[in-house]
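Undergrad: My questions will all concern the structure given below.
The values are calculated or read from the model by the stated rules, or taken from the named source; none is laboratory data. Predicted model, so just to flag it, every value in this text is computed and none were measured. Note that we place each Cβ from the backbone using ideal geometry, even for glycine, and neighbour counts take in every protein chain shown. Surface areas here come from the heavy atoms of the whole protein model, side chains and all, with no ligands, DNA or RNA. Shrake-Rupley method; radii C 1.70, N 1.55, O 1.52, S 1.80 Å.
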Amino acid sequence: MNDPAAIELLLVEDNPQDLELALRALRKANLANHIQVARDGAEALEFIFCEGSHAARQISDRPKVILLDLKLPKVDGIEVLKRIKGDPRTSMIPVVVLTSSKEQNDVVESYRLGVNSYIVKPVNFEQFAAAVRELGLYWLLLNQPPQVTG
Amino acid sequence: MSTDAQLKASLKEAGDFKAALDEHAIVAITDTQGRITYVNDKFCAISKYSRDELLGQDHRIINSGHHPAAFIRELWTTIAHGRVWRGEIKNKAKDGTFYWVDTTIVPFLNEHGKPRQYVAIRADITERKRVEDELRASLHEVNDLKAALDEHAIVAITNPQGKITFVNDKFCAISKYSREELIGQDHRIINSGYHAATFIRELWTTIAHGRVWHGEIKNKAKDGTFYWVDTTIVPFLGEQGKPRQYVAIRADITERKRAEETIQRLNAQLEQRVAERTAQLHAANKELEAFSYSVSHDLHAPLRAVDGFSQAVLEDFGPQLPDEGRRYLQTIRFSAQRMGALIDDLLAFSRLGRKDLAKRAVDTGQLVQEILGELGSPWPDRQITVRTGELPASPGDPALLKQVWTNLLSNALKYSGKRSQAELEIGCTQTNGTTTFFVRDNGTGFDMRYADKLFGVFQRLHRVEDYEGTGVGLAIVQRIVHRHGGRVWAEAAVDRGATFYFTLGPEAKPGEPAP
């Protein structure tokens with residue numbers, strides 16, 4: 001866990017502008033090191049479960065936090081969340097849903113599946129940047145993940 | 001035997017006859033003038049007159065007045081001509097009671113062939129007459145009942161073998177068979193084939209066991225049309241306790257059955273239509289949800305990019321830009337954010353139509369205090385006086401009512417924002433059992449000429465640079481109030497403040513807005 005090159009944050013985002021703005025906000029908060037980006041749900045699952053192009057990775061090298069958009073190509077965010085929280089090897093990874101959707105169904109379903117936080121992306125960039133900065137600070141620097149073997 | 005002895009013997013014999021007759025019959029003898037010359041004891045007993053009272057009188061003394069004059073005349077003519085009269089006479093006794101006597105009057109002639117006297121022999125038939133009268137009365141009653149029944153009902157009588165032995169006119173009329181075609185047939189002649197064999201079997205089992213059967217039967221008339229009859233079959237038992245015959249009384253219920261079938265068909269159609277509409281509505285709602293979801297998600301993303309990259313330009317290249325360029329970028333950002341707000345409000349508004357109401361009693365006073373707190377009460381940087389009156393609890397959806405109060409109170413705060421001393425009044429009035437809530441401010445108000453635009457979506461009566469907003473708040477208020485069955489309206493004047501009123505249910509007396 002002390003490998004300095006280990007991935008700390010998995011950012012799952014299909015929209016290139018949102019992705020760039022999120023990375024910009026993380027960089028401005030000095031949180032941009034060791035970020036893995038997945039552009040759809042399938043890619044995210046490959047990374048998390050060390051399949052396909054990520055087959056060489058160890059599943060025990062868990063990211064400290066996953067930022068997950070809900071509306072994603074191929075496999076949607078709710079399905080990704082279900083897989084992560086349904087697998088004992090990955091269920092302890094904090095997942096923050098970061099989405100445009102204010103639909104109550106999505107919020108309720110996400111919490112039912114065990115999401116750790118749910119953030120609606122604001123249009124206002126300062127608010128967006130603040131949200132990204134705060135959740136990055138909390139999950140990457142302050143939150144002490146439970147020690148899990150597996 | 002001497003003549004004398006013969007005479008004596010005859011007299012003795014006559015005396016015996018008379019004694020026997022007196023034992024048996026009521027006897028009177030009348031002379032040719034009709035005066036009573038002899039009565040026996042039975043006559044006295046039945047007429048309740050003494051012999052002395054009767055002798056020398058004529059029969060008018062016991063005349064009941066029952067018989068017409070012609071009857072009496074015919075009697076006298078008969079006997080005056082020397083012929084025997086026989087008949088039944090109603091007489092009146094001394095105490096005013098009546099009695100009937102079967103009467104034979106025998107005229108005895110003199111040597112000239114003229115009546116000498118009349119001997120009337122009577123038998124008391126009062127009891128028989130009474131029984132006859134009763135019988136006649138009850139027969140009469142039975143006939144009346146039968147006539148009434150024939151007027152009213154379809155009647156048939158069937159023998160134990162099921163053969164029809166009697167039908168009334170109504171039976172013939174409804175079945176369209178003549179009486180001759182029906183008598184001797186069994187009921188299969190009008191069988192519609194509609195009822196199951198078990199139904200018919202149950203009917204026969206019931207009546208064959210001497211029990212009454214009641215039910216509704218569909219029959220077929222001679223012309224092939226069908227008719228429904230409400231049927232009661234009563235078995236009449238013979239001396240061995242076995243059914244002797246069955247009397248079936250029926251009422252035509254074809255119209256009722258037709259109406260019932262129509263109602264059933266209409267109900268089925270209605271149910272199907274409701275199911276279809278519900279399915280359509282459900283599908284439309286689903287579609288709308290999917291649509292809202294994409295709008296929410298996909299329209300926000302480009303706006304975020306417009307705002308975010310404008311900010312990035314300002315942050316990274318701000319110093320190199322002229323003031324005008326920086327102001328333009330700020331305007332782009334402001335517009336993008338405003339459009340985001342419009343989308344959010346529009347989605348919130350459209351969600352209201354789909355959301356089910358979860359009504360319960362809402363503590364209005366507590367709700368208002370809570371919202372004032374959320375809106376920044378007690379506003380340390382503004383001079384605001386809030387007067388809150390008595391606010392009764394009201395039934396409604398708590399989340400939606402909170403939205404109503406929030407929108408009205410934040411409007412009141414917003415539009416009184418330019419007053420050095422803002423005043424808010426929150427209260428309610430009770431008229432005819434209807435509670436009307438109101439929120440009053442002393443703010444900028446509006447021109448009542450535009451009051452009809454107040455509750456339209458995206459309708460605003462103020463410039464966005466004067467008072468920010470999307471123009472959805474009051475549209476949301478109206479939709480929620482309408483969904484609660486209530487009404488919302490406003491009164492205002494330019495620069496003299498505004499008052500918004502609303503009710504949360506049907507009003508007892510619909511009328512003009514009354515403050």
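Undergrad: Restricting attention to strands (runs of 3 or more DSSP E) lying wholly within region A:1-111, give those where 3 or more residues are touching a helix residue (DSSP H, G or I) at 6+ places or on another chain (Cβ under 8 Å) and open to solvent by 20 Å² or more (accessible area, probe 1.4 Å).
TA: Details: elements: A:9-12, A:35-38, A:65-68, A:95-99.
Ranges flagged: A:35-38.
Table: residues versus (1) within 60 Å of the chain's Cα centre (by Cα); (2) within 27 Å of residue B:111 (Cβ to Cβ).
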| site | (1), (2) |
| --- | --- |
| B:7 | no, yes |
| B:13 | no, yes |
| B:18 | no, yes |
| B:35 | no, yes |
| B:51 | no, no |
| B:68 | yes, no |
| B:72 | no, no |
| B:78 | no, yes |
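Undergrad: Do we find a residue being over 17 Å from residue B:364 (Cβ atoms) and without any contact (Cβ under 8 Å) to a residue 40 or more places away in the chain anywhere in region B:424-440?
TA: no
Undergrad: Now a separate question. What's the number of the only condition in (1) in contact (Cβ under 8 Å) with a residue 24 or more places away in the chain; (2) more than 30 Å from residue B:225 (Cβ to Cβ) that residue B:281 fails to meet?
TA: The single condition residue B:281 does not satisfy is (1).
Undergrad: So which residues in region B:219-233 are assigned to a strand (DSSP E or B) and surrounded by fewer than 17 Cβ atoms within 10 Å (Cβ to Cβ), if there are any at all?
TA: Step one: of region B:219-233, the residues assigned to a strand (DSSP E or B) are B:219-220, B:226-233.
Of everything in region B:219-233, those that are assigned to a strand (DSSP E or B) and surrounded by fewer than 17 Cβ atoms within 10 Å (Cβ to Cβ) turn out to be B:226, B:232.
Undergrad: Hey, any hits in region B:62-71 for a residue that's open to solvent by less than 70 Å² (accessible area, probe 1.4 Å) and touching a Ser or Thr at 6+ places or on another chain (Cβ under 9 Å)?
TA: Yes; the residues of region B:62-71 include at least one that is open to solvent by less than 70 Å² (accessible area, probe 1.4 Å) and touching a Ser or Thr at 6+ places or on another chain (Cβ under 9 Å).
Undergrad: Within region B:81-120, which residues are open to solvent by 50 Å² or more (accessible area, probe 1.4 Å), free of Cβ contacts under 8 Å to residues at least 60 places away in the same chain and not in a strand (DSSP E or B)?
TA: If the condition is that a residue be open to solvent by 50 Å² or more (accessible area, probe 1.4 Å), free of Cβ contacts under 8 Å to residues at least 60 places away in the same chain and not in a strand (DSSP E or B), then B:81, B:83, B:84, B:94, B:95, B:97, B:111, B:112 are the ones that fit.
Undergrad: Considering only residues of region B:278-299 that are touching a helix residue (DSSP H, G or I) at 6+ places or on another chain (Cβ under 6 Å) and surrounded by 15 or more Cβ atoms within 10 Å (Cβ to Cβ), which is nearest to the other protein chains (Cβ to nearest Cβ)? Outline the logic, then answer.
TA: First, the residues of region B:278-299 that are touching a helix residue (DSSP H, G or I) at 6+ places or on another chain (Cβ under 6 Å): B:285, B:292, B:296, B:299.
From what's left, surrounded by 15 or more Cβ atoms within 10 Å (Cβ to Cβ): B:292, B:296, B:299.
Values: B:292: 7, B:296: 6, B:299: 8 Å.
Only one residue tops the list, namely B:296.
Undergrad: Hey, among B:422, B:399, which residue is open to solvent by less than 10 Å² (accessible area, probe 1.4 Å) and among the aliphatic types (A, V, I, L, M)? If you could, list the steps in order and put the result at the bottom.
TA: Details: B:399 fails: open to solvent by less than 10 Å² (accessible area, probe 1.4 Å).
Result: B:422 is the single residue among B:422, B:399 that is open to solvent by less than 10 Å² (accessible area, probe 1.4 Å) and among the aliphatic types (A, V, I, L, M).
Undergrad: For region B:236-255, state whether one or more residues are open to solvent by 30 Å² or more (accessible area, probe 1.4 Å) and within 14 Å of chain A (Cβ to nearest Cβ).
TA: First, pick out the residues of region B:236-255 that are open to solvent by 30 Å² or more (accessible area, probe 1.4 Å): B:236-237, B:239-242, B:244-245, B:249, B:251-252, B:255.
Applying the additional criterion that residues be within 14 Å of chain A (Cβ to nearest Cβ) yields none.
No - not one qualifying residue is present in region B:236-255.
Undergrad: Got a number for residues in region A:121-143 being open to solvent by less than 50 Å² (accessible area, probe 1.4 Å) and either free of Cβ contacts under 8 Å to residues at least 40 places away in the same chain or aliphatic (A, V, I, L, M) (or both)? Walk me through it before giving the result.
TA: Within region A:121-143, the subset open to solvent by less than 50 Å² (accessible area, probe 1.4 Å) is A:121-125, A:128-132, A:135-136, A:139-140, A:143.
When the remaining residues are screened for being either free of Cβ contacts under 8 Å to residues at least 40 places away in the same chain or aliphatic (A, V, I, L, M) (or both), the result is A:122-124, A:129-132, A:135, A:140.
Residues flagged as open to solvent by less than 50 Å² (accessible area, probe 1.4 Å) and either free of Cβ contacts under 8 Å to residues at least 40 places away in the same chain or aliphatic (A, V, I, L, M) (or both) within region A:121-143 amount to 9.
Undergrad: Only one of (1) over 16 Å from residue A:84 (Cα atoms); (2) more than 14 Å from chain B (Cβ to nearest Cβ); (3) within 15 Å of the chain's Cα centre (by Cα) fails for residue A:43. Which number is that?
TA: (1)
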